[in-house]
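Below: one structure, written as structure tokens.
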Amino acid sequence: MAKKPPVTRRKLSAVARAEVGQIRECDRCGESKEVTNKTYSTLVKGLRGWHTTCRVCQGVERAEKRAFASERLAADFIPESIDDTDDMINEMYLLAETQRNPARTDELATLLRERVTTLHKDGEDLESFRLFVRCIRPMVAGWKTPGAIHDDIIDGLISTHRRRLIIATRYSAKSTITSMYVAWRIMLDPLLKVMVVSKGAKLAARMLRTVRRVYFANCPLLHHLEPTEDCLDNAEQFQTPQSLSVVTGGATLSCFGVTSDLPGYRSDLTIGDDVEGPKDDTPEKVGDLIETLNELHMINPTGEKIMLGTYQSEFSTYAQLADKVDDEGTPVWEHHRACMFEEDPEGKGIRSRWPEMFSDKDGVDWRRSVTARGWRLHAMLICDPSILNEKPLKISDFLLVRHDPKALQFPVSVGRSGVKADQVSTWGAPKGDVWYHGTPSERLTDYVQTIAAVDPASGLAGRDAIGVAVLSVLPSGLGVVRHLEGVRGPDKDTNMKRVAAIMKEYGASHLVVEETVEGFFGATLENHLIMLGYPMTVEKVTSGGQKKGVRIIEALAPPMGAGRLVMLESVAESDHGGDFVNQLVKVSYDGRTGKAKDHDDIVDALAHAVAKVKGSLISDRSELMADFEASRLEPLRFVPLRQGGLGGSDHGPRNPHGGIGSHGIPLPGIGPEDSMSMGELLIEEDIVLTKMIARRDALQHVVRDDITHGRQVDQDMVCRIKAMGVPIKGRQENQCL
Ligand SMILES: [Zn+2]
């Protein structure tokens, strides 16, 4: 295996860290992806610390320019040489790059091409495609050894069934494999007409570029298929020279967005590559999409069809295709599933099926950050609409703690005890769902942030309440529900005053109000806060068109399930707590079950508060604890080294968020962006400490030597040793590496 360069794991800047998990649309392919190291790369000059072009597009671009060809070493593309094939592939590319001995290049290309074709003719399609992938992968920037997930995708692609449906987890590189599959099919039959339809025109254009400008332009196996001057060759379509000789000519490969005007085109093989987007999440939108796909079907009613995609919702188009049966009850589509992770049926472990890309821990992290529904749908690829009626929020997932809600400090950590709190009312919770005591640690710490969230009443009915939730966050990543209230009173003014009073009472540091930009609830509340002498700005949030039930569950379920939400006993026992429980246990994915008069104002407010700090409530606890410990060194940050501090030389702007990032993650040692991170400082500090100890030991050795040999001891030296003792001791105590 080729040696990989060591991976540098740099701490992300505060801005870049806050951006992780946000949805970003790639400026090239138009795909919306969550920002992570796997989807975008970090870039200081980029938008909030990240590239605006996704990694896949960057790879395609580099491959097109052959920019990476010169970076490539021979060793890079011979991972496991089991026969002479890799040597041949290697030699072919080296010759092609240097353009020496074109005859030999052709000879090698023809040999390899014949091997691929012969395997196909012998009915060994899997071997044939595998060999083709080996020949073509040096063209792919950032190629990673495929995993078990790709066997599933390839099985679906090369199957001989006329209709194949392949559901794969996101980020499975299915588009790259599909582009290779398209090139393989065209190589085997240059007269074949292939049409690829994606959800967006940009995505479709990328598919065409990959096949045309990367593979056909650069791979000697495919050179004879490159369009000549007489051929159709544009951003949407191209033609092989071979197809010119036949009457039925036309484009060899056409790539379109699903909304393009398609009549008039024809194809032998139609591929739907991700036609369903994240926005297709309601039965209505999916209905529209299915209609579009039916039109597409008419282009190639009897030909071969492949649909590749990932479930976006329980109403997914793909699920409906999978359920389709013909008159005899036989499924129309052959269904293939390609999961990125598998759950160990024995223990609770999660295994990656593409270890080169995602570790097992990535799977565990993902599992922890989503709801059971999200995990089943997006990871396990199980599309079961019945889950939409489930009510997954349970009071037993809270950690119940007896503590003064007005106190400014709280135990650093709270564990699960498994001890039922029988004395506290369970209100409207179903039988068996009870409160459980948490086990708080002895050490107390300050809250780092207090979020108040307000769900203004819809105003339709006089009895509607204004939902208010106050949530404080601990540096250890624990959220404490300090207050819940459905504010209802004789008139609007009184209600507003009460809401403002709650903000002041609990010293809220952030205020979130569910309201559209045009709404005036927030502005009115701001005025009341000024009158109270507690001015603060309102941050407006909107549901973003997401279903209410889904939004509430997706905000609350992961931190509740992870044991990161603490409910104070006094809150649970109050009447408002009762209202809250009654609302909580009724929330289902499919919006409010039951009747329209069911309220969810308090639960909704808590969901908004939790969503605001979700990042810190689900992230790795040990990381947060380490950050918390490191933050205790913060006072030493700018104290010079010789005085026992950490010697940060720059006093740059301090963290405007008061020690907390926009994601609610505590950020020790904030300075200007180019100053050293806390981690770097600590490493430097460690080196300094080691040097100081070495120097002191050397001085001590001299003194001891003098004493042993009866020489006069240098008093100055003794003083220096003594003086060094204090900072060394201090630093050893604070050492955390
Ligand atoms: Zn992209």
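Bear in mind that the values in this text are calculations on the coordinates, not laboratory data. Please read all numbers here as calculations on a predicted model, not as lab measurements. As a convention, Cβ positions derive from the backbone with ideal geometry for all residues, glycine included, and neighbour counts pool all protein chains shown.
Using just the C-alpha positions of the range 305-373 as equal point scatterers, what log10 of I(q)/I(0) does the Debye formula give at each q in 0.18 1/Å? With no solvent term, the Cα-only Debye profile gives -0.86.
In terms of the mean number of neighbouring beta-carbon atoms within 10 Å, the peptides 215-222, 35-42, 449-456 order highest first as 449-456, 215-222, 35-42.
For the residue pairs Lys202/Lys361; Lys431/Lys614; Lys144/Lys193; Lys121/Lys174, alpha carbon separations beyond 27 Å are given by Lys202/Lys361; Lys431/Lys614; Lys144/Lys193. Taken about its Cα centre, the range 325-420 carries a charge dipole of roughly 1000 debye when the Cβ of each Lys and Arg holds +1 and the Cβ of each Asp and Glu holds -1.
Qualifying trypsin sites (Lys or Arg not before Pro) in the range 331-429, where qualification requires a DSSP coil assignment and no more than 15 other C-beta atoms within 10 Å, comprise Lys348, Arg402, Lys406. Cross-link partners for Lys285 among the lysines, with Cα-Cα distance under 17 Å and sequence neighbours closer than 8 places in the same chain left out: Lys199, Lys547.
Cross-link partners for Lys504 among the lysines, with Cα-Cα distance under 21 Å and sequence neighbours closer than 8 places in the same chain left out: Lys406, Lys492, Lys540, Lys612. Take the Cα of Lys492, go 7 Å toward its beta carbon, and the backbone nitrogen atoms of the range 510-531 under 17 Å from that spot belong to 514-529. Full extension of the chain between Leu244 and Leu408 gives 51.1 nm of extra length, using 0.36 nm per residue less the Cα-Cα distance. Residues of the range 133-172 with the amide nitrogen closer than 18 Å to a label point 7 Å from the Cα of Glu342, along Cα-to-Cβ, please. Hits in the range 133-172 for Glu342 at 18 Å: 146-156, 167-170, 172. Give a quick list of trypsin sites (Lys or Arg not before Pro) in the range 438-523 that DSSP marks as loop, anything other than H, G, I, E or B, with at most 10 other Cβ atoms within 10 Å. Taking the range 438-523 and a limit of 10 other Cβ atoms within 10 Å, the loop trypsin sites (Lys or Arg not before Pro) found are Arg443, Arg463.
Annotation: extensible slack from Asn294 through Thr537 equals 82.4 nm (criterion: 0.36 nm per residue apart, minus Cα-Cα distance).
Orientation-averaged projection of the range 147-338 equals 11.2 nm² [convex hull of Cα atoms, one quarter of hull surface area]. Could you state the number of Å between the C-alpha centres of the range 222-256 and the range 128-169? One Cα centre to the other: 24 Å.
Over all pairs of different C-alpha atoms in the range 252-411, the reciprocal of the mean inverse distance, the Kirkwood hydrodynamic radius, equals 19.2 Å. The slack in the chain from Arg48 to Lys722, taken as 0.36 nm per residue of separation less the alpha-carbon distance, amounts to 237.8 nm.
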